[in-house]
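Notes for the one structure printed next.
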Amino acid sequence: MQPAVCLLMLLLLGIEFIIYGIAFMTLFRLKFRKYEAGLVGFFVYFGLFQMAALPLILLQRPFHELVVLWLIVAAAVNIYAFAAAGRELGAWVKSMLAGLWRNKGILLLAVVLLVLFCCWFAGTQQYVGFDTSYYIGTIDTTTMTDTMYVYNGESNVMEETLDFRYALSAFYMHSAFICRLTGIGGMIIQHYVLGTLCILMHAYVLFVIGRRLFPQEEKKALFLTGLVFVLHLGFHTGYTVSDFLLVRSYEAKGFCANVVIPAVFYAILCLWKDRNRREHWVLAFVICFSSIPVSMSSLVIVPAILVIAVLAEWLTERNWRILWRAFWCVLPNAVYVMLYFMYTRGIRIPIR
């Protein structure tokens, strides 16, 4: 029964990413490409979850309040999406089916089987390090005590203060939310649902990058995706990106390395292609805004990558508007950096 529930949750999350992406594009009248809808939706989804969860975490409210609040938010987004963007959702489905039909053949089958093999391979791994134990413990203590980041995830002892190293990101609270909905333990949900999601999202981002590099060649995008996964299978040694994909994909750092950073690279490609297009700057902002909700490891590296790329563009164009727009993109991370710096200087929130 549990495998079926995990598979259902994966399917529902994928559908939600599409719905959130199309709802966001409709609300702000953005014209992204159809194959970008899921990418935008992924970051909008976790960004909204962070906006709902972080105030409750800082106020030390019960976890069940977050569950109820997020169900209300999710219902509102879904109702808006079907009411205001029903045609766009239908067009997206038709576009996806048409794309699959255009690319039917050995290459598509090989890439799909390769990605599924990597999902199976990751699911068979039994790695349980200190970080993993802490994260799973955090999820389980959240569901059992109805609190958020109040208890230490490893020892289950009550903390003296909120640990901003973890509490500034609601990623594991989202996993706890799924646990509460399904009644399945944190280890199963994190390892099989979130771990598989990381691999599938990595494949999706690679394909989107391929579509940007080869606008008229979908098969080349598929080949790029398959080639990168072949490389991953040969380089999953300790502390590499491949290790965080094939062994530790269910950790937030795995999402940072294999989803967030490639997405930042894609946003940079878009900006270099056309820095004046509004949608490209919105994409960069959404990715930066939601990078911390996905992983605290994004705290500095994501804005650093974007700033370096934007500075290179500015040096060639000498257009100050580029720097101004980049400032707003990295501002959310700057706020998190300031909060974390205050935490390291002893300005902390005591546990009540």
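The values are calculated or read from the model by the stated rules, or taken from the named source; none is laboratory data. Just so you know, these numbers come straight off a predicted model, no measurement behind them. When we count neighbours, we look across all protein chains shown, and the Cβ atoms used for this are built from the backbone with ideal geometry, even at glycine. Calculation scope for accessible area: heavy atoms of the full protein, side chains included, ligands and nucleic acids excluded. Shrake-Rupley method; radii C 1.70, N 1.55, O 1.52, S 1.80 Å.
Between Arg352 and Ser95, the contour length at 0.36 nm per residue exceeds the alpha carbon distance by 87.3 nm.
Sorting check: for 337-350, 174-187, which peptide has the highest mean count of neighbouring beta carbons within 10 Å, and how do the rest follow?
Result, highest mean first: 174-187, 337-350.
Straightening the chain between Met1 and Val128 buys 43.3 nm, computed as 0.36 nm per residue apart minus the Cα-Cα spacing. Placing unit charges on the Cβ atoms of the charged side chains and taking the dipole of the chain about its Cα centre, the candidate lying farthest along the positive direction among Gly226, Ala85, Ser297 is Ala85.
Assuming R0 = 30 Å, can you tell me the calculated FRET efficiency for the pair Leu323 and Gln216, based on Cβ-Cβ distance, to the nearest 0.05?
Using R0 = 30 Å, I get an efficiency of 0.35.
Find how much the distance from Leu59 to Asn152 grows on full extension, using 0.36 nm per residue of separation minus their present alpha carbon separation; answer in nm with one decimal. Separation in residues times 0.36 nm, less the Cα-Cα distance, equals 31.7 nm.
Taking a ≥ b ≥ c as the square roots of the Cα gyration tensor eigenvalues, the range 57-192 comes out oblate, since a/c reaches at least 1.5 and a/b does not exceed b/c. Close amide H contacts of Thr161 (hydrogens built in the peptide plane, cut-off under 5 Å, sequence separation of 5 or more or a different chain): Ile351. A cut-off of 5 Å between modelled amide H atoms, ignoring neighbours fewer than 5 places along the same chain, links Asn319 with no other residue.
Between the beta carbons of Leu233 and Arg277, assuming R0 = 30 Å, the FRET efficiency works out to 0.25 to the nearest 0.05. The string of couplings for the range 159-167 from the Karplus curve (6.51, -1.76, 1.60, θ = phi - 60°) is 6, 7, 9, 5, 8, 5, 4, 10, 6 Hz, one whole number per residue in order, with x for Gly and Pro.
With a simple spin-label model that places each label point 7 Å from the Cα along the Cα-to-Cβ direction, the separation between Phe82 and Phe28 comes to 2.5 nm. When the solvent-accessible area of the range 144-263 is split by element, carbon and sulfur atoms take up 64 percent of it, the probe being 1.4 Å. Derived scalar couplings between HN and Hα for the range 55-72 equal x, 5, 5, 5, 7, 6, 7, x, 5, 5, 5, 5, 4, 5, 4, 6, 5, 5 Hz in order, rounded to whole Hz, by the Karplus curve 6.51 cos²θ - 1.76 cosθ + 1.60 (θ = phi - 60°), x for Gly and Pro. Taking packing as the residue-averaged number of other Cβ atoms within 10 angstrom, the listed peptides 118-124, 103-109 run from highest to lowest as 118-124, 103-109. Counting only lysines at least 8 places from Lys31 when in the same chain, those with an alpha carbon closer than 25 Å to its own are Lys94, Lys219, Lys220, Lys273. Taking the Cα centre of each part, how many Å lie between the range 86-137 and the range 151-197? So the separation of the two Cα centres works out to 23 Å. Loop-resident GluC sites (Glu not before Pro) (DSSP state other than H, G, I, E or B) in the range 114-200 with no more than 13 further Cβ atoms inside 10 Å of their Cβ: Glu160. Measuring between their Cα centroids, the range 33-53 and the range 246-293 lie 11 Å from each other. Computed from backbone phi, the HN-Hα couplings of the range 38-45 come to x, 5, 4, x, 4, 6, 5, 4 Hz, rounded to whole numbers (Karplus: 6.51 cos²θ - 1.76 cosθ + 1.60, θ = phi - 60°; Gly and Pro given as x).
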